[in-house]
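Below is one structure, written out as structure tokens, with a few remarks after it.
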Amino acid sequence: MNVLLQPSPIAGTLHIPASKSLSHRALICSGLAQGNSTIEHLGNSKDIQATISCLENLGAKINIDPKTALVSVQGCKPQNLTAPVTLDAYESGSTLRFFIPIAASGQELVTFKGQESLLARPLGVYEKLFHDQGLRFEQSQQQLTFQGPLTSGAYALEGHISSQFISGMLLMAPLVNGIDLDVVGDYQSRSYVGLTVDMMRQFGITVEETNDHHYHIAPNQEYQSRYVQVESDWSQAAFFLVLGMLKQSLTLTGLKQDSLQGDRVICDFVQQAGGLLNWQEDKLVVSPDQKINFTFDLADCPDLGPILCTLAAFIPGKNRLIHTARLRYKESDRVKAMEDELRKWGVEITSDEDSITIIGKDTYSSDHIVTIDSHNDHRIVMAMAVFALCAHQPCLIQNAQAVNKSYPTFFADLKSLGVELEEV
């Protein structure tokens with residue numbers, strides 16, 4: 001799908017979709033609970049479909065009511081698998097890293113399939129853990145094969161590579177009768193682990209955090225079935241908060257003001273960069289005001305990287321993003337992708353191993369339609385769409401269907417705000 005965006009005025013109110021991070025966690029906890037759980041406002045994207053597929057292949061039964069969109073989940077016990085199983089994570093890093101230890105709670109052979117870009121992502125944390133226990137773990141660009149069982153006991157994981165490894169081990173813990181988990185070294189994106197711990201607690205699991213780097217999950221605990229409602233996604237709201245700050249006022253609904261989502265920090269970033277935010281009961285209004293140079297730390301919110309590059313490009317003068325190394329190991333090398341695409345507009349952007357520097361200016365234009373490559377990355381598509389709407393020239397985004405990974409209705413939502421666009 002190629003999308004042609006035209007310079008357009010925007011206005012209106014938008015309901016932000018369900019949090020992808022919390023949708024994964026709600027599905028997994030309900031899928032591991034005995035009995036029937038119900039999920040309201042579940043996200044609908046390829047990544048969430050991957051998690052549903054994996055749960056079903058492990059024995060869970062999941063039904064989505066076409067009228068109410070309520071999701072009913074009858075749980076399963078992966079630790080009791082009696083035959084080899086094949087799971088497909090599609091392109092979802094969360095799905096892959098969450099389900100590896102969950103599926104390894106039993107002793108059957110597990111084969112994971114997925115896109116090459118996913119299977120090429122670093123899994124060394126798990127590889128070392130499995131090999132230290134004398135367990136099979138073999139990774140190639142075509143598939144991942146491993147065999148448990150992982151057992152109750154003490155584990156230590158590096159904290160600077162991805163919090164998804166830590167969340168995966170915590171989600172597994174009740175299946176193997178509890179674990180102690182130490183996070184070693186620099187602990188990045190810990191807010192995502194906080195989402196995991198909070199969801200586990202909602203499903204009846206006691207998680208003790210004895211210090212900033214240690215988790216204890218006691219034996220003899222089981223997930224309990226629950227009714228849960230998934231809140232809206234701050235990482236998706238970020239695109240519209242930046243759009244509203246740079247262009248014209250927008251009103252966003254569905255967001256939780258005291259959310260535990262780490263990407264809620266986008267509110268602080270927008271305000272520090274000069275935007276106006278105003279909560280009106282359950283509605284958040286964002287408006288343009290000033291433009292202030294910034295240095296933002298992405299250690300705990302790497303998914304905000306692409307849209308913050310867009311923001312930086314429109315703040316005149318020098319702006320920096322630090323702790324950006326992990327952006328190179330997402331669906332694409334997001335540092336290189338944003339460099340490549342922003343330079344097509346004439347943005348002055350440079351990077352080193354762990355930071356990005358952008359010399360911004362007020363406006364950008366071109367004497368031709370600027371053609372953007374999606375890099376098959378949903379966040380690159382959305383960040384560059386926001387950039388195009390703030391510039392003064394039509395823009396063609398190629399392979400824009402990448403948004404289906406996390407936000408299938410993104411372009412429809414832009415249209416609802418008055419954006420002129422078409423598939424070409």
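The values are calculated or read from the model by the stated rules, or taken from the named source; none is laboratory data. None of these values were measured; they are calculated from a predicted model. Because the Cβ atoms are built from the backbone with ideal geometry, glycine has one as well, and the counts that use them run over all protein chains shown. With ligands, DNA and RNA removed, areas are computed over all heavy atoms of the protein, side chains included. Shrake-Rupley method; radii C 1.70, N 1.55, O 1.52, S 1.80 Å.
With an 8 Å Cα cut-off and a minimum separation of 6 or more residues, compute the relative contact order for the range 103-202 in percent. Before the final figure, lay out the partial values.
Values: 148 pairs, mean separation 26.6, N = 100.
Averaging sequence separation for qualifying contacts and normalising by length gives 27 percent for the range 103-202.
So if a site counts as exposed when it's one of the GluC sites (Glu not before Pro), its DSSP state isn't H, G, I, E or B, and it has at most 12 other Cβ atoms within 10 Å, what's the longest stretch of the chain without one? All intermediate terms of the calculation are to be shown ahead of the outcome.
Working: sites that count: Glu281, Glu353.
Within the chain, the longest run free of exposed GluC sites (Glu not before Pro) spans 1-280.
How large is the charge dipole for the range 243-353, taken about the Cα centre, if only the Cβ atoms of Lys, Arg (+1) and Asp, Glu (-1) carry charge, to the nearest 20 debye? If you can, show how the numbers build up before the last one.
Working: 14 positive and 17 negative charges, 54 e Å.
Computed charge dipole of the range 243-353: roughly 260 debye.
Treating the beta-carbon of each Lys and Arg as +1 and of each Asp and Glu as -1, no other charges, what is the dipole magnitude of the range 346-418 about its Cα centre, to the nearest 20 debye? It would help to have the intermediate numbers written out before the result.
On the way: 4 positive and 9 negative charges, 87 e Å.
It works out to roughly 420 debye.
Only Cα pairs within less than 10 Å get springs; with that Gaussian network setup on the chain, which residue of Ser163, Ser366, Ser72 has the largest fluctuation?
Residue with maximal mean-square fluctuation among Ser163, Ser366, Ser72: Ser366.
Pick out, in residue order, every one of the chymotrypsin sites (Phe, Trp or Tyr not before Pro) in the range 267-366 that is DSSP loop and has at most 14 other C-beta atoms within 10 Å; say none if there are none. Could the numbers behind the result be given before it?
Details: sites: Phe269, Trp279, Phe294, Phe296, Phe314, Tyr329, Trp345, Tyr364; in loops: Phe294, Phe314, Trp345, Tyr364.
Here no chymotrypsin sites (Phe, Trp or Tyr not before Pro) fit, given the DSSP loop and packing criteria.
Rolling a 1.4 angstrom probe over the protein heavy atoms, how many square angstrom per residue are accessible across the chain?
Details: 16170 Å² over 424 residues.
Value returned for the chain: 38 Å² of accessible area per residue.
Classify the range 254-406: rounded, prolate or oblate, from the alpha-carbon gyration tensor (a ≥ b ≥ c, eigenvalue square roots; a/c under 1.5 rounded; otherwise prolate if a/b is larger than b/c)?
Values: a/c = 1.34, a/b = 1.27, b/c = 1.06.
Because its axes are fairly even, with a/c under 1.5, the range 254-406 counts as rounded.
Rounded to the nearest 20 debye, what is the charge dipole size of the chain about its Cα centre when +1 sits on each Lys and Arg Cβ and -1 on each Asp and Glu Cβ? Can you show the working numbers first?
Details: 32 positive and 48 negative charges, 95 e Å.
For the chain, the charge dipole is close to 460 debye.
Which of the three applies to the range 333-378, rounded, prolate or oblate, going by the alpha-carbon gyration tensor with a ≥ b ≥ c and a/c under 1.5 meaning rounded? Present the calculation step by step, with values, prior to reporting the outcome.
Numbers: a/c = 2.87, a/b = 1.21, b/c = 2.38.
Because a/c hits 1.5 or more and a/b fails to exceed b/c, the range 333-378 counts as oblate.
Beyond 25 Å between alpha-carbons counts as too far, so tell me which of Lys336/Lys361; Lys67/Lys113; Lys46/Lys113; Lys128/Lys330; Lys46/Lys67 fall in that bin.
On the way: Lys336/Lys361 20 Å; Lys67/Lys113 32 Å; Lys46/Lys113 15 Å; Lys128/Lys330 21 Å; Lys46/Lys67 21 Å.
Among Lys336/Lys361; Lys67/Lys113; Lys46/Lys113; Lys128/Lys330; Lys46/Lys67, the Cα-Cα distance tops 25 Å for Lys67/Lys113.
At a threshold of 8 angstrom on Cα-Cα distance, excluding pairs fewer than six apart, so keeping six or more, what relative contact order does the chain reach in percent?
The value is 20 percent.
Only sites in a loop by DSSP and with at most 13 other Cβ atoms within 10 Å count here; which trypsin sites (Lys or Arg not before Pro) in the range 49-140 make the cut? Let's see the in-between values first.
Working: sites: Lys61, Lys67, Arg97, Lys113, Lys128, Arg136; in loops: Lys67, Arg136.
Loop-located and lightly packed - Lys67, Arg136.
Taking all protein chains in place and a 1.4 Å probe, what share, in percent, of the accessible surface of the range 284-424 do carbon and sulfur account for? Spell out each step's value before the answer.
Numbers: 2350 of 5190 Å².
Here it works out to 45 percent.
Could you point to the residue in Val184, His323, Ile16 farthest towards the positive end of the chain's charge dipole, with +1 and -1 charges on the Cβ of Lys/Arg and Asp/Glu respectively?
Value: Ile16.
Applying the Karplus parametrisation 6.51 cos²θ - 1.76 cosθ + 1.60 with θ = phi - 60° to the phi angles of the range 104-118, what ³J(HN,Hα) value in whole Hz is obtained for each residue in order, glycine and proline being reported as x?
Karplus-based 3J(HN,Hα) across the range 104-118 equals 7, 6, x, 10, 7, 5, 10, 10, 9, 10, x, 5, 4, 4, 6 Hz.
Ratio of alpha-carbon Rg to the 2.2 N^0.38 Å globular estimate for the chain, to two decimals, please. Display every interim value, and only then the final one.
Details: Rg = 21.5 Å, N = 424, 2.2 N^0.38 = 21.9 Å.
Output field value: 0.98.
Could you give me the ³J(HN,Hα) list for the range 377-387, computed from phi with Karplus coefficients 6.51, -1.76, 1.60 and θ = phi - 60°, whole Hz, x at Gly and Pro?
Once θ is set to phi - 60°, the couplings for the range 377-387 become 10, 4, 6, 5, 4, 5, 5, 6, 5, 4, 4 Hz.
Work out from phi, with θ = phi - 60° and the Karplus expression 6.51 cos²θ - 1.76 cosθ + 1.60, the ³J(HN,Hα) of each residue of the range 298-310, listed in order in whole Hz, and give x for Gly and Pro.
9, 4, 9, 8, x, 5, 7, x, x, 6, 6, 4, 4
Taking only Cα atoms, what is the 0 to 90° angle, nearest 10, from helix 190-202's long axis to the longest principal axis of the chain?
Result, in degrees: 50.
Carbon and sulfur together cover what percent of the accessible area of the range 26-145 at a 1.4 Å probe radius?
Numbers: 2130 of 4980 Å².
Of the solvent-accessible surface of the range 26-145, carbon and sulfur hold 43 percent.
Per-residue ellipticity at 222 nm for the chain, helices alone: DSSP H runs ≥ 4 residues times -39500 (n - 2.57), over residue total, nearest 500 deg cm²/dmol? The partial results should precede the final answer.
Details: 13 runs with 130 residues, N = 424.
The helix-only estimate for the chain comes to -9000 deg cm²/dmol at 222 nm.
Any idea what Rg and Dmax come out to for the range 136-186 if you just take the C-alpha atoms, in Å?
12.4, 33
With a cut-off of 8 Å between alpha carbons and a minimum separation of six or more residues, what is the relative contact order of the range 226-323 in percent?
Working: 148 pairs, mean separation 27.4, N = 98.
It rounds to 28 percent for the range 226-323.
For the chain, set up a GNM with springs between Cα atoms under 10 Å and report which of Gln142, Gln398, Gln164 has the largest fluctuation.
With Cα springs under 10 Å in the chain, the top fluctuation among Gln142, Gln398, Gln164 is at Gln142.
What is the range 342-424 by shape, rounded, prolate or oblate, if you read a ≥ b ≥ c off the alpha carbon gyration tensor as root eigenvalues and call it rounded for a/c under 1.5, prolate for a/b larger than b/c, and oblate otherwise?
Judged from the Cα gyration tensor, the range 342-424 comes out oblate (a/c at least 1.5, b/c at or above a/b).
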